[in-house]
Amino acid sequence: MTVFAHPIPTTVLLLTASNFFMTFAWYGHLKNLSASPWWIAALVSWGIALFEYLLQVPANRVGFTVMNLAQLKILQEVITLSVFVPFAVFYMGQPLRMNYLYAGICLLGAVYFIFRG
């Protein structure tokens, strides 16, 4: 059995990949294009976001076959934070803050409530 045989791992992998593109589209220009006009950063971000959507749309369609909309959204938020924190710390050079842990704990609570029975 491969990872792609079940919708949940497929959804998680596609959403994780889409979040890498999304995070760079939203925040990468702050580091890489800070000297450029905002409209150049917007065009570059828009180009990056295309790849995010090419992964996110199929991920949501696959995930929606086994999860309801709220579960899919909470999964997306958990993945977003899981991608954002390493990006912020390692790529953008931001300090690791306890608030990330607290946000993660809140998301675990959201996961519990949205996925319970």
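For the range 1-109, the helices (runs of 4 or more DSSP H) that sit wholly inside it and include 3 or more residues that are under 17 Å from the mean Cα position of the chain (by Cα) are 7-23, 38-63, 69-86. Being at negative phi, without any contact (Cβ under 8 Å) to a residue 40 or more places away in the chain and not charged (D, E, K, R): is that true of residue 109 here? When the stated conditions are applied, residue 109 passes them.
Among the candidates 48, 79, the residue that is closer than 18 Å to residue 112 by Cβ, of a type outside the set (Ser, Thr, Tyr) and surrounded by 15 or more Cβ atoms within 10 Å (Cβ to Cβ) is uniquely 79.
We did not get these values from a lab; they are worked out from the coordinates using the rules stated. These numbers were taken from a predicted model, which means no experiment stands behind them. No Cβ is skipped: glycine too gets one built from the backbone with ideal geometry, and neighbour counts run over all protein chains shown.
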